[in-house]
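Step one of this worksheet: look at the structure below.
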Amino acid sequence: MKLLDLGCGPGAHTKAILESGAQGATCIDFSHEMVELVKEKFGNKVEAYQQDLSIGLPKESDESYDLAICLWLSITFKT
């Protein structure tokens with residue numbers, strides 16, 4: 001299973017899902033510090049990107065996922 005974690009923060013939910021058997025994850029957060037923390041915490045199990053989600057996903061994350069989560073992130077983006 002491949003996970004997409006939008007607004008990943010420090011990666012708590014990513015960790016739980018990886019421990020449940022996911023093969024990898026793409027983590028995206030607005031905060032550079034959170035992205036660096038996730039990279040340090042999970043190493044090559046994740047791809048992590050700093051991105052303002054109000055402008056969309058990073059081009060580098062253009063793949064398919066089995067599960068996408070967006071927990072504890074207020075999405076109030078204009079459509």
Partnerless cysteines (no other Cys beta carbon under 4.7 Å) identified across the chain are CYS70
The answer for GLY24, listing residues at least 5 apart or on another chain whose modeled amide H is closer than 5 Å to its amide H, is LEU3
Whole-Hz Karplus couplings 3J(HN,Hα) for the stretch 67-72, θ = phi - 60° and coefficients 6.51, -1.76, 1.60, Gly and Pro as x, run 8, 10, 10, 8, 9, 6
Once both label points are put 7 Å beyond Cα along the C-beta direction, the ILE55-GLU33 separation in nm becomes 2.2
The ³J(HN,Hα) series, computed from each phi in the stretch 20-25 with the Karplus coefficients 6.51, -1.76 and 1.60 at θ = phi - 60°, rounded to the nearest Hz and given as x for glycine or proline, is 7, x, 5, 7, x, 8
Taking Cα atoms only, Rg over Rh for the stretch 2-69 with Rh from the Kirkwood formula is 0.92
The summed charge of the TRP72 Cβ neighbourhood (under 15 Å; Lys/Arg +1, Asp/Glu -1) stands at -1
Around GLY9 (Cβ within 12 Å, Cβ-to-Cβ, excluding GLY9; K/R +1, D/E -1) the net charge comes to -1
Within the set ASP29, ASP66, ASP52, GNM on the chain using Cα springs under 10 Å gives the largest fluctuation to ASP66
With -39,500 (n - 2.57) per DSSP H segment of 4 or more residues and division by the full residue count of the chain, the 222 nm estimate, nearest 500 deg cm²/dmol, is -7000 deg cm²/dmol
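Values quoted throughout were computed directly from the atomic coordinates according to the rules given, and no laboratory measurement underlies them. Owing to the predicted nature of the structure, the values given are computational and were not obtained by experimental measurement. Virtual Cβ from ideal backbone geometry, glycine too; neighbours counted across all protein chains shown.
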